[in-house]
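Only the coordinates and a few stated rules stand behind these numbers; no lab work does. It should be emphasised that the depicted structure is a prediction, and the values quoted were computed from it without experimental measurement. All Cβ positions, glycine included, derive from the backbone under ideal geometry; neighbour counts span all protein chains shown.
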Amino acid sequence: MKVKKAIIPAAGFGTRFLPATKASPKEMIPIVDKPTLQYIVEEAIEAGIEDILIVTGRHKRSIEDHFDKSIELELSLEKSGKDELLKMVRDISDMVRIHYIRQKEAKGLGHAILCGKPFIGNEPFAVLLGDDVVDSKTPCIKQLMDVYEEKQGTILGVQEVKTEDTSKYGIVDGLEDSDKIRKVKNLVEKPDPKDAPSNVAILGRYIITPQIFDILETTKPGKGGEIQLTDALKELAKRENMYSYIFDGKRYDVGNKMGYLEATIDFALKRDEFKSDLIDFMKKKIEDNK
């Protein structure tokens, strides 16, 4: 069965970006001039995903507004003859079929995924976390979808991280299969570096089989008092084959302030209208701060 649906959890408080996220969703913070969440949605579309469920929470209405039609804005742009901007605005609302459900309580990522059970039904599905933006030639989630076609099991998108950073991620204990694909033996949620079975971390991209929902319904709160997706995946790995895949591309943790700044600079440098001036500006700043 092909992967046609995706879940994007977007219900978190964004505490790492306070005070900016006190009243505005962290997913709407722009990288240059495009909200972070739009990069994630575009990745899913480019991979061939047909329906996207965004799991939201309170104070997230601006997410729905962004992907909805804006009649007043469109009329204003049309009247002003700003055809290029008009096309951009219309393209956003015409991207893909986007659905929404509200996570009424902050019970963790596992619970957010469980909220999508009626939407997914009995199909394999993609999960894309909004804190992870991946710049790659082939969309990151498409790489995982291709591996799923071959393996027909849950696929975890991973890359190696610094050993001292293992406490930030779900860490894979895997058995070698190929250079990029490894059969998962075990998973550990945010282990201390001394206890980590490897430095291979799950980085915000998954293809998951629907059997995960039965497990999530009985998964008890784990680290942080939340229902951890990693705990449910650990149980799923005991019941069926699961694989990690080392994906190609540069991944940015845009939920981290330094990662966000790196993404903003790198994406700006990819734009012809900014590149030259930005390089000159950075050279001057470097000289001024020597």
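The long axis of helix 272-288 is offset from the longest Cα principal axis of the chain by roughly 80 degrees. Sorted ascending by nearby beta carbons within 10 Å, beginning with the fewest, T230, T218 become T218, T230. Applied to the range 44-59, the Karplus parametrisation 6.51 cos²θ - 1.76 cosθ + 1.60 on θ = phi - 60° returns per-residue 3J(HN,Hα) values of 5, 5, 4, 7, x, 5, 9, 9, 10, 9, 9, 8, 10, x, 4, 6 Hz, with x for Gly and Pro.
Amide H contacts for I54 (H built 1.01 Å from N in the peptide plane; partners 5 or more residues away or on another chain; cut-off under 5 Å): I8, H99, Y100, I101. Set against the 2.2 N^0.38 Å expectation for a compact globular protein, the range 215-290 has a Cα radius of gyration ratio of 1.85.
Hey, what did the range 5-255 get for relative contact order, percent, Cα under 8 Å, at least 6 apart? Computed over the range 5-255, the figure is 24 percent. For a straight C-alpha distance cut-off of 22 angstrom, the lysines reachable from K234 (same-chain residues fewer than eight places away being disregarded) are K107, K117, K151, K168, K180, K183, K185, K190, K194, K220, K223.
Pairs of Cα atoms in the range 5-255 fall into 10 Å distance bins, from 0 up to the last occupied one, in shares of 7, 30, 37, 18, 6, 2, 0 percent.
Over every Cα atom in the range 43-135, the radius of gyration and the widest Cα-Cα span, Dmax, amount to 15.9, 48 Å.
Starting from the Kirkwood Rh over alpha-carbon pairs, what translational D in µm² s⁻¹ does the range 147-238 have by Stokes-Einstein at 37 °C and 0.692 mPa s? The Stokes-Einstein estimate is 241 µm²/s.
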